[in-house]
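A.B. asks: Provided herewith is a single structure, encoded as structure tokens, for subsequent inquiry.
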Amino acid sequence: MLAAKRTRPNTGLKALLDLPERLAQALVERLGATTPIGQLADKALTTIEQRLADWPFHPNCTEGFAKAEVTVGGVSTDALSSRTMMAQRVPGLYVIGEAVDVTGWLGGYNFQWAWASGWAAAQAL
């Protein structure tokens, strides 16, 4: 944030956060950092950055199984055996389900991937 303060002092904190609009707005308001970052002291920016990094998030509800979705990312399939799900560079390490960078459509495809990759790894053990 200090580098951004030097190069873009008229930018608001919300614009620097790579977060959904409403979440960024809520965090900025709770931090009380609604002025441009150029108007904040370096120590204040460092404190804000640390608070954001350590911010505890606690879900207060769920929309249930019908709305459940998975995330994108994980271990590349190129790094795994497609037959056993074992990591090619770390023998004995098996990676399955959402820990693998595989994304399916909604409707059970991700569950199927989780179960099938788990089964493949279990058969290899």
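The values are calculated or read from the model by the stated rules, or taken from the named source; none is laboratory data. These numbers come from a predicted model, not from an experiment. FYI the Cβ positions are ideal-geometry reconstructions off the backbone, even for glycines, and counts take in every protein chain you see.
A.B. asks: Taking region 96-113 as the region of interest, how many residues are within 17 Å of residue 124 (Cα to Cα) and free of Cβ contacts under 8 Å to residues at least 24 places away in the same chain?
C.D. replies: 2
A.B. asks: If you check residue 37 against the conditions, is it in contact (Cβ under 8 Å) with a residue 40 or more places away in the chain, more than 30 Å from residue 112 (Cβ to Cβ) and of a type outside the set (Phe, Trp, Tyr)? I'd like the intermediate steps shown before the answer.
C.D. replies: Working: in contact (Cβ under 8 Å) with a residue 40 or more places away in the chain: no; more than 30 Å from residue 112 (Cβ to Cβ): yes; of a type outside the set (Phe, Trp, Tyr): yes.
So residue 37 does not fit the description; no.
A.B. asks: For residues that are of a type outside the set (Lys, Arg) and farther than 15 Å from residue 34 by Cα, scanning just region 1-14, find the one that is farthest from the chain's Cα centre (by Cα). Steps first, answer last, please.
C.D. replies: Step one: list which residues in region 1-14 are of a type outside the set (Lys, Arg), which gives 1-4, 7, 9-13.
Then drop every residue that is not farther than 15 Å from residue 34 by Cα, which leaves 2-4, 7.
Numbers: 2: 23, 3: 24, 4: 22, 7: 27 Å.
Going through the qualifying residues, I end up with 7.
A.B. asks: Among 23, 17, which is the only one that is without any contact (Cβ under 8 Å) to a residue 12 or more places away in the chain and under 15 Å from the mean Cα position of the chain (by Cα)? Write out each step before concluding.
C.D. replies: Numbers: 17 fails: without any contact (Cβ under 8 Å) to a residue 12 or more places away in the chain.
Only one candidate qualifies: 23.
A.B. asks: Got at least one residue in region 58-65 being touching a helix residue (DSSP H, G or I) at 6+ places or on another chain (Cβ under 9 Å) and not acidic (Asp, Glu)? Please lay out each step first, then the result.
C.D. replies: Just the residues of region 58-65 that are touching a helix residue (DSSP H, G or I) at 6+ places or on another chain (Cβ under 9 Å), to begin with: none.
Checking region 58-65: not a single residue is touching a helix residue (DSSP H, G or I) at 6+ places or on another chain (Cβ under 9 Å) and not acidic (Asp, Glu).
A.B. asks: Output the residues belonging to region 101-125 that are part of a loop (DSSP other than H, G, I, E, B) and exposed (fewer than 12 other Cβ atoms within 10 Å of the Cβ). It would help to see each step written out before you state the result.
C.D. replies: Here is the first cut: in region 101-125, the ones part of a loop (DSSP other than H, G, I, E, B) are 101-108, 125.
Once the filter is applied, which keeps residues that are part of a loop (DSSP other than H, G, I, E, B) and exposed (fewer than 12 other Cβ atoms within 10 Å of the Cβ), region 101-125 yields 105, 106, 107, 108, 125.
A.B. asks: On the given criteria, is residue 77 within 23 Å of the chain's Cα centre (by Cα), assigned by TED's automatic domain parsing to the domain that holds residue 118 and of a type in the set (S, T, N, Q)?
C.D. replies: On the way: within 23 Å of the chain's Cα centre (by Cα): yes; assigned by TED's automatic domain parsing to the domain that holds residue 118: yes; of a type in the set (S, T, N, Q): yes.
Judged against the criteria, residue 77 is a match.
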